[in-house]
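Just below is one structure, and these are the notes that go with it.
The values are calculated or read from the model by the stated rules, or taken from the named source; none is laboratory data. What you see is a predicted model; the values in this text were computed from it and never measured. Glycine also receives a Cβ, built like all others from the backbone with ideal geometry; neighbour counts cover every protein chain displayed. Heads up: the accessible areas ignore ligands, DNA and RNA and are worked out on the full protein's heavy atoms, side chains in. Shrake-Rupley method; radii C 1.70, N 1.55, O 1.52, S 1.80 Å.
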Amino acid sequence: MTEPLYFDNNSTTRLDKSVLNSMLPYFTQSYGNASSQHHFGLATKKVVEQARVTIADLIHGSPNELIFTSGATEGINIALKGAALQVQGGRNKIIAVTTEHKAVLDTCVYLEQIGFEVVYLPVDRFGLLDMETLNRTIDKQTIALCVMLVNNETGVIQPIADLTELCRDNDVLLICDATQAVGKMPMDVKELGVDILIFSGHKFHGPKGIGVLYARKGVRLVPHIHGGGHENNLRSGTLNVPNIIGLAKALEIAEMESIHNSISILNLRDSLERRLLTSPSAKINGHIKNRINNVTNICFPEIDANSLIQRIPELAISNGSACTSAVFEPSHVLTAMGLTRSEAYGSLRFSLSKYNTLKEIDTVVNILGPYLRLISI
Ligand SMILES: *Cc1c(COP(=O)(O)O)cnc(C)c1O
């Protein structure tokens, strides 16, 4: 057994030690409830509001446009259900892309069950959404269009800013799951032109169980967690102060290190990719250019990715299938892009972070060499 190798950073990331240190005082020293009016509460409220300003600045929104959630799944639920239920009579349609995260797709299925119409937009073989179908589908009946910025399986970047005008013309809310983008690429909600943007701390070396929902001023959502009226009455419940501080710190660090990290991660990814592509018939899944720098998703037509992963447990990578109730279904993202079931079963995803090294890439290539018939370069 070699040292464990972590190449599954799109699932979750290692917490940055500076993030941990920033959080620690809020467990045993400044543990007040941010809603309380005494010294402990006021002190906590102050740091929470500072964190909110920090995060707002880094995504170019205003502090009062941010809601803290338990993560992206919750943010997506608040956004989609909140937008759908806000509309009374008349409009009934939601549009989402077929390659969205399950948090979006499963929420859409629920909305269908309670009477909304959901249209699922196809993508081309590069994973980019089909603008023609979108133009034909979007209309005055449409409540919201939900498009992710960066795909978690392939890293493909959707042209969100190109959708703004179309949405404005039709009075449609543009909802964007930016969970795989925030902390990895510059983020400007105004430039993107989104009405709602969602992300999660644990995908960029922040803590698990904390996320942010940005809702542009004027956007109205029906709350779905009722209680003490916290977070503009949209998401009640005592604020998770250590996690909020940790998320703000993680985003600050990501911004500070962004130039250095994006170049070094890209170099590692490209080195890994170049060597994996020496496998016979291997090819990259997703658009080569419109793609984030930390992911490579490659189809090796001759292998079964799942049994390969099980044979090498010390190597943390992900495959082109999802285990749903003990049966392995091929990835809905890859099949939406036109891959056959067996091509999807033969696909591997490597997602990198700032903690990966060139030495680890060498080790991965050495381990996988015999299985993938790599030519050593
Ligand atoms: C991880 C992820 C989610 C879910 O985030 P949680 O914070 O774990 O709920 C949603 N969307 C995308 C694109 C993701 O990668």
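This table checks each residue for (1) within 14 Å of the ligand (Cβ to nearest atom); (2) without any contact (Cβ under 8 Å) to a residue 60 or more places away in the chain; (3) not small (Gly, Ala, Ser).
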{"site": "Arg168", "(1), (2), (3)": "no, yes, yes"}
{"site": "Leu174", "(1), (2), (3)": "no, yes, yes"}
{"site": "Ala181", "(1), (2), (3)": "yes, no, no"}
{"site": "His202", "(1), (2), (3)": "yes, no, yes"}
{"site": "His205", "(1), (2), (3)": "yes, no, yes"}
{"site": "Gly211", "(1), (2), (3)": "yes, no, no"}
{"site": "Tyr214", "(1), (2), (3)": "no, no, yes"}
{"site": "Lys217", "(1), (2), (3)": "no, no, yes"}
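Let me confirm something: among Lys203, Lys184, Lys217, which residue is open to solvent by 40 Å² or more (accessible area, probe 1.4 Å) and either in contact with a Lys or Arg (Cβ under 9 Å, 6 or more places away or on another chain) or not assigned by TED's automatic domain parsing to the domain that holds Gly41 (or both)?
Testing whether each residue is open to solvent by 40 Å² or more (accessible area, probe 1.4 Å) and either in contact with a Lys or Arg (Cβ under 9 Å, 6 or more places away or on another chain) or not assigned by TED's automatic domain parsing to the domain that holds Gly41 (or both) leaves just Lys184.
Taking the residues in region 98-124 that are in a loop (DSSP other than H, G, I, E, B) and crowded, with 16+ Cβ neighbours inside 10 Å as candidates, determine which candidate is farthest from the ligand (Cβ to nearest atom). So that I can check it myself, show each step before the final result.
Narrowing region 98-124 to residues in a loop (DSSP other than H, G, I, E, B): 98-101, 114-116, 122, 124.
Still in the running and crowded, with 16+ Cβ neighbours inside 10 Å: 98-101, 116.
Numbers: Thr98: 14, Thr99: 10, Glu100: 8, His101: 4, Phe116: 21 Å.
Filtering region 98-124 for residues that are in a loop (DSSP other than H, G, I, E, B) and crowded, with 16+ Cβ neighbours inside 10 Å, the one farthest from the ligand (Cβ to nearest atom) comes out as Phe116.
Starting from residues that are in contact with a His (Cβ under 8 Å, 6 or more places away or on another chain) and within 14 Å of Cys146 (Cβ to Cβ), keep the ones in region 62-78 and report whichever is nearest to the ligand (Cβ to nearest atom).
Ala72
Identify, please: which residue in region 48-58 is among the hydrophobic types (A, V, I, L, M, F, W, C) and more than 16 Å from the ligand (Cβ to nearest atom) and is, among those, most open to solvent (accessible area, probe 1.4 Å)?
Looking at residues that are among the hydrophobic types (A, V, I, L, M, F, W, C) and more than 16 Å from the ligand (Cβ to nearest atom), I get Val53.
Just to be sure I understand the filter: pairs with C-beta atoms under 7 Å, separated by 6 or more residues or on different chains, first member in region 1-22 and away from the ligand (no atom under 16 Å from the Cβ), second member open to solvent by 50 Å² or more (accessible area, probe 1.4 Å). Which pairs pass?
Ser18/Lys249; Ser22/Lys249
Provide a single number: the residues in region 286-299 that are in contact with a helix residue (DSSP H, G or I) (Cβ under 6 Å, 6 or more places away or on another chain), open to solvent by less than 10 Å² (accessible area, probe 1.4 Å) and not β-branched (Val, Ile, Thr).
2
Please go through (1) more than 16 Å from the ligand (Cβ to nearest atom); (2) open to solvent by 10 Å² or more (accessible area, probe 1.4 Å) for Ala83 and return the number of the only condition it doesn't satisfy.
(2)
Looking at Asn243, Asn232 in this structure, which one is open to solvent by 40 Å² or more (accessible area, probe 1.4 Å), within 27 Å of Thr44 (Cα to Cα) and over 14 Å from the mean Cα position of the chain (by Cα)?
Among Asn243, Asn232, only Asn232 is open to solvent by 40 Å² or more (accessible area, probe 1.4 Å), within 27 Å of Thr44 (Cα to Cα) and over 14 Å from the mean Cα position of the chain (by Cα).
Could you list, in sequence order, all residues of region 220-229 that are of a type outside the set (A, V, I, L, M, F, W, C) and either open to solvent by 40 Å² or more (accessible area, probe 1.4 Å) or under 19 Å from Ser30 (Cα atoms) (or both)?
If we filter region 220-229 for residues that are of a type outside the set (A, V, I, L, M, F, W, C), which is where we start, we get 220, 223-224, 226-229.
Listed by number, the residues that qualify are Arg220, His224, His226, Gly227, Gly228.
When Cys323 is evaluated against the numbered criteria (1) within 22 Å of Asn151 (Cβ to Cβ); (2) at pLDDT below 95; (3) surrounded by 14 or more Cβ atoms within 10 Å (Cβ to Cβ), which criterion, by number, is the only one it fails?
(3)
Could you grab the pairs with beta carbons closer than 6 Å, sequence gap of 6+ or different chains, first residue in region 125-154 and farther than 21 Å from Lys289 by Cα and assigned by TED's automatic domain parsing to the domain that holds Gly115, second one assigned to a strand (DSSP E or B) and within 13 Å of the ligand (Cβ to nearest atom)?
Ala144/Ile175; Cys146/Ala96; Cys146/Ile175
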